[in-house]
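The structure appears right after this line, and notes come after that.
Every number here is computed from the coordinates shown, using simple stated rules; none is lab data. Fair warning: this is a prediction, and the values are worked out from it, not measured in the lab. In this analysis, Cβ positions are derived from the backbone assuming ideal geometry, glycine residues included, and neighbour counts consider all displayed protein chains.
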């Protein structure tokens, strides 16, 4: 008889298949530009695949040249039971500023939501942003 | 400007995020959801707490503290929350838009199952 574990905190979607094959990261990989050229947030986002991992490099809007924030590893997520990555979560913690970047891809558009907390003593209010990117 | 600052015009430094409009009970618009069916947001002293109920007989996920955010126009609220449930780590990234609360859920399974992403819509009950 197959034994199933009963969890106290559960939802139907927890019935996910186990990972046997690597995820297809191709929907996320690429050089993405903000659909708003005058964006005040991230103007460019580059996602690359390296040994089955996905690396993120972003460029923040600036008066002159965009600012390179450097590279972090992102966690890819599938939607439903397919093995195709459709979103990611990444975290930057630099200079007392914490940012969660969460994204989903749909119809060749990458939607990125940023959640920024200024823990640098500046007293700035935590900021939310949602922007759209094309390759 | 510091190297990793977003060049934006964020709310003034003294801005206190007013989360009152967001407090209450929220119901998933998708009655067949496999994710969170319902959640509440309540304020306790200075903390905002989320209490979520997963699909399947409103399985109680318990309470967790949320981090509130506001957009650069100081109009729309947003929040982040984390849940550690047995074998699943969930990062919830939410934002308000036109009276709806939209939650993007990023679920990571500790037992080797594949990760899962979903985005669902909630309306306020009260």
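Quick notes
- Remark: spin-label model distance residue A:68-residue B:56 equals 4.7 nm, labels positioned 7 Å along the Cα→Cβ axis.
- Within the stretch B:26-53, backbone nitrogen closer than 16 Å to the virtual label 7 Å beyond the Cα of residue B:82 toward Cβ: B:50
- Exposure proxy for A:51, B:71: other Cβ atoms within 10 Å of each Cβ, ordered fewest to most, give A:51, B:71.
- With R₀ fixed at 35 Å, the C-beta to C-beta distance from residue B:19 to residue A:21 puts the FRET efficiency at about 0.25.
- Counting beta carbons within 10 Å around each of A:33, B:90 and listing the fewest first gives the order A:33, B:90.
- When all alpha carbon pairs of the protein assembly as shown are counted in 5 Å bins from zero, the resulting P(r) reads 1, 6, 13, 17, 19, 16, 14, 9, 4, 1, 0, 0, 0, 0 %.
- Spin-label model distance (nm) - residue A:120 vs residue A:50, 7 Å beyond Cα toward Cβ: 2.5
- Ranked list, fewest to most other Cβ atoms within 10 Å of each Cβ, for B:23, A:28: B:23, A:28
- Percent RCO, i.e. relative contact order, over the stretch B:21-124, from Cα pairs under 8 Å lying at least 6 residues apart: 20
- The alpha carbon centroids of the stretch A:69-126 and the stretch A:28-46 are separated by 13 Å.
- Residue by residue along A:63-76, Cβ atoms of other protein chains within 10 Å of the local Cβ number 2 on average.
- Two-site FRET efficiency, residue B:47 against residue B:74, from Cβ-Cβ distance with R₀ of 25 Å, rounded to 0.05: 0.75
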